[in-house]
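Working notes, structure below.
The values are calculated or read from the model by the stated rules, or taken from the named source; none is laboratory data. What you see is a predicted model, and the numbers here were worked out from it, not measured in a lab. Accessible surface areas use protein heavy atoms only, side chains included; no ligands, DNA or RNA. Shrake-Rupley method; radii C 1.70, N 1.55, O 1.52, S 1.80 Å.
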Amino acid sequence: GGVRAAGLVELGGTCAPPVKERFGQLEGYTKWLLKDEVATALGGRDASRDWMGFRPTLPDALPVIGTSSKVPGVVYAFGHQHVGWTLGGITGRIVADLARGAEPEVDVAPFSARRFDSKPWWRPFASAPQLFPQT
């Protein structure tokens, strides 16, 4: 038994270790949210079970939503940071519209992957060979 508490964000890269103080903060917040008797019954945190998962984050914190400029029929919808479940409904509607060639009710231009074309760190990706040549 026990409780798994989650919800803090660290921006440090995939090679950086977790900041151990964050686990203590999370434990403190969780106990504060629970009634005293519940927190007491749960006991202390087993630090050997502390865990951190990686969630990719785009540099401008906006998702990529739109059609591929290179592969016909491909619709992108990724990079929702930590609110993918929250934005899943509207993103699904947008993807459905794009997939059937309809105009989405939301302007998807700000979410285009092409917004990164002028960024120097994107150039190696932009000039990558085309994997699926159009015939």
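Output the number of residues of the stretch 59-73 satisfying the condition of being among the hydrophobic types (A, V, I, L, M, F, W, C) and open to solvent by 50 Å² or more (accessible area, probe 1.4 Å). Show your work before the answer.
Restricting attention to the stretch 59-73, the residues satisfying the condition of being among the hydrophobic types (A, V, I, L, M, F, W, C) are 61-62, 64-65, 71.
Narrowing further to those that are open to solvent by 50 Å² or more (accessible area, probe 1.4 Å): 61-62.
Selection size over the stretch 59-73: 2.
Of all residues in the stretch 107-120, which are farther than 13 Å from Ser68 by Cα and at pLDDT 95 or above?
Correct list: Asp107, Pro110.
Please enumerate the residues belonging to the stretch 100-115 that are open to solvent by 70 Å² or more (accessible area, probe 1.4 Å) and under 25 Å from Asp60 (Cα atoms).
If the condition is that a residue be open to solvent by 70 Å² or more (accessible area, probe 1.4 Å) and under 25 Å from Asp60 (Cα atoms), then Glu103, Glu105, Asp107, Arg114 are the ones that fit.
For the stretch 75-99, give me each residue that is open to solvent by less than 50 Å² (accessible area, probe 1.4 Å) and of a type in the set (A, V, I, L, M, F, W, C).
Once the filter is applied, which keeps residues that are open to solvent by less than 50 Å² (accessible area, probe 1.4 Å) and of a type in the set (A, V, I, L, M, F, W, C), the stretch 75-99 yields Val75, Ala77, Ile94, Val95, Ala96, Leu98.
Could you list, in sequence order, the residues of the stretch 24-57 that are open to solvent by 70 Å² or more (accessible area, probe 1.4 Å) and of a type in the set (Val, Ile, Thr)?
As a first pass, look at the stretch 24-57 and keep what is open to solvent by 70 Å² or more (accessible area, probe 1.4 Å): 25, 29, 31-33, 35-37, 40-42, 45-46, 48-49, 51, 54-56.
Within the stretch 24-57, just Thr40 meets the criteria.
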